[in-house]
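For reference, the structure is listed below as structure tokens.
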Amino acid sequence: MALQTSRIPEFYKKSYDERLQILKEQAGLSDEEIHILKLHAAASFGAVDRMIENVVSVMFLPLGMATNFLINGEEYIIPMAVEESSVVAAACNAAKLARYSGGFTVKSSKPIMIGQIQLLGIVDFEKAKSIIFCYKDRILALANAYDRILIANGGGAIDIEIEMLQTKRGPMLVVYLLVNVCDAMGSNIVNTMVEAIAPFLESLTGGYARLRIVSNYAVRRMVKAVGVWKKDIIGSEVVEGILDADALAFADVHRASTHNKGIMNGIDAVVLATGNDFRAVEAGAHSYALRNGAYQPLSTYYKNENGDLVGELEMPLAVGIVGGITKSHPIAQLCLKILRVQSACQLAQIMGAVGLAQNFAALRVLVREGVQRGHMRLHSKNIAGNVGAVGDEIDIIADRMVNEHCISANRARELFEELRK
Ligand code: MEV
């Protein structure tokens, strides 16, 4: 049935039941389907209704705990929200293997975010540049007048950089505002500041400001994670195999893309669990992967003097422990408590370690048996559950399907009926 209309004025003002009724009529949903939406929204409708517009339910994701993580000498249990089977298990496994050499060492830079202001209509670029630099202190003070709490915590706008860019619409001046956002992800802080200083920049330069926005190319907010996997533990064949995989990722964008996807499997899961903005982190990661003009892997591997495998991951990671929904989402709050993080930098370091662990785990599986075996084992459990199997039945049906190399809903149904007879 075709949708009758998507033109629904003031849908956001309707009560929850009215919204469901409209949706039921327009999208042709049954009572049972409306019940599913209600059921899943039951515990959290009040909270999610405040987060976005036109809410009708919640989209749930499994929240798993990655164990075994030793990062900068500290033990961590790491919450991961992710739908893909094997991701959490793989992270735990890689972290366990990294413990033989002391776990992960991760460093991060200060939490500096960048905002940009696009200035158009400037006649003399050199003059505009020098006048902005002359007034730098005034501009920074103006930006900092907007966030006293940030300043009290040691943060605030710290510097300005300027670039003249040739674009397809002619030359433009771009002013970059560098802001120490402390424990926030920082986009709101930076957006407020760049909007606040834009009129002053206009009056200084005679130009006019068009875009005034944070950049997700957060290259002043970097994380570098290092992990060592001992040759005697993982085997020389795996060491050599991962070096081959690393070489391919540097030579071929097809592989680099998937290699980085494996890293983001881990990072996004922690970003989501802690209520952070995974789109911002993804945008930063992939633009950083292109920093040398060609899309490259975010991690690299080499052998140390003992022949052990060293993995290094370096990428921008803009995440916070205050602001956004990090404090208002009850699950995100609990996840931050489980992590016992004291700062945004510490959270970013944990994510860096998880990204590297995830990447190592994927490569290790790829250079050994391939991903399908483990992946399909978990997937087969999903299929068994979907046909109605419960408890031990799920494992029995899943094992049979894996052993038979036949993992499908039809086979699961046959085995389920056989079992129930
Ligand atoms: C699947 O979600 C991720 C992998 O494809 C990553 C990789 O190939 O490195 C296994």
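If the requirement is being within 16 Å of the ligand (Cβ to nearest atom) and within 30 Å of MET185 (Cα to Cα), which of these qualifies: GLN358, GLN342, GLN349?
GLN358
Against the definition (open to solvent by less than 50 Å² (accessible area, probe 1.4 Å) and more than 27 Å from GLU74 (Cα to Cα)), how does VAL319 come out, yes or no?
Judged against the criteria, VAL319 is not a match.
Quick one: ILE22 ticks every box in (1) modelled with pLDDT under 90; (2) open to solvent by less than 50 Å² (accessible area, probe 1.4 Å) except a single one, so which number is it?
It fails just one condition, (1).
Given the condition surrounded by fewer than 21 Cβ atoms within 10 Å (Cβ to Cβ) and either within 16 Å of the ligand (Cβ to nearest atom) or free of Cβ contacts under 8 Å to residues at least 40 places away in the same chain (or both), answer yes or no: does some residue in segment 177-189 qualify?
No - not one qualifying residue is present in segment 177-189.
When the residues of segment 361-377 are narrowed to those that are in contact (Cβ under 8 Å) with a residue 60 or more places away in the chain and of a type in the set (Lys, Arg), which ends up nearest to the ligand (Cβ to nearest atom)?
ARG364
For segment 363-376, does any single residue satisfy the condition of being assigned to a helix (DSSP H, G or I) and open to solvent by less than 20 Å² (accessible area, probe 1.4 Å)?
There is at least one residue in segment 363-376 that is assigned to a helix (DSSP H, G or I) and open to solvent by less than 20 Å² (accessible area, probe 1.4 Å).
Considering only residues that are open to solvent by 20 Å² or more (accessible area, probe 1.4 Å) and within 15 Å of the ligand (Cβ to nearest atom), which ones fall in segment 83-113?
Matches in segment 83-113: GLU83, GLU84, SER85, SER86, VAL88, ALA89, ALA90, ASN93.
Each row is one residue, and each column tells you yes or no for (1) open to solvent by 20 Å² or more (accessible area, probe 1.4 Å); (2) without any contact (Cβ under 8 Å) to a residue 60 or more places away in the chain; (3) more than 30 Å from GLU314 (Cβ to Cβ); (4) in a loop (DSSP other than H, G, I, E, B).
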| position | (1), (2), (3), (4) |
| --- | --- |
| GLY115 | no, no, no, no |
| LEU119 | no, no, yes, no |
| VAL123 | yes, no, yes, yes |
| GLU126 | yes, yes, yes, no |
| ILE132 | no, no, yes, no |
| LEU142 | yes, yes, yes, no |
| TYR146 | yes, yes, yes, yes |
| ILE149 | yes, yes, yes, no |
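All but one of (1) assigned to a loop (DSSP other than H, G, I, E, B); (2) within 18 Å of MET65 (Cα to Cα) hold for MET351; which doesn't?
Going through (1) assigned to a loop (DSSP other than H, G, I, E, B); (2) within 18 Å of MET65 (Cα to Cα) one by one, MET351 breaks only (1).
Could you tell me whether segment 214-223 includes any residue that is hydrophobic (A, V, I, L, M, F, W, C) and over 30 Å from LYS129 (Cα atoms)?
Yes, some residue in segment 214-223 is hydrophobic (A, V, I, L, M, F, W, C) and over 30 Å from LYS129 (Cα atoms).
Where in segment 12-92 are there helices (runs of 4 or more DSSP H), lying fully within it, with 3 or more residues that are within 24 Å of the chain's Cα centre (by Cα)?
Those helices (runs of 4 or more DSSP H) span 45-51.
Given the conditions (1) surrounded by fewer than 20 Cβ atoms within 10 Å (Cβ to Cβ); (2) in contact (Cβ under 8 Å) with a residue 40 or more places away in the chain; (3) within 24 Å of the chain's Cα centre (by Cα), which single one is not true for HIS254?
Of the numbered conditions (1) surrounded by fewer than 20 Cβ atoms within 10 Å (Cβ to Cβ); (2) in contact (Cβ under 8 Å) with a residue 40 or more places away in the chain; (3) within 24 Å of the chain's Cα centre (by Cα), the odd one out for HIS254 is (2).
The values are calculated or read from the model by the stated rules, or taken from the named source; none is laboratory data. Everything numeric here is computed off the predicted structure, so don't read it as measured data. In this analysis, Cβ positions are derived from the backbone assuming ideal geometry, glycine residues included, and neighbour counts consider all displayed protein chains. Note: areas computed on protein heavy atoms with side chains; ligands, DNA, RNA excluded. Shrake-Rupley method; radii C 1.70, N 1.55, O 1.52, S 1.80 Å.
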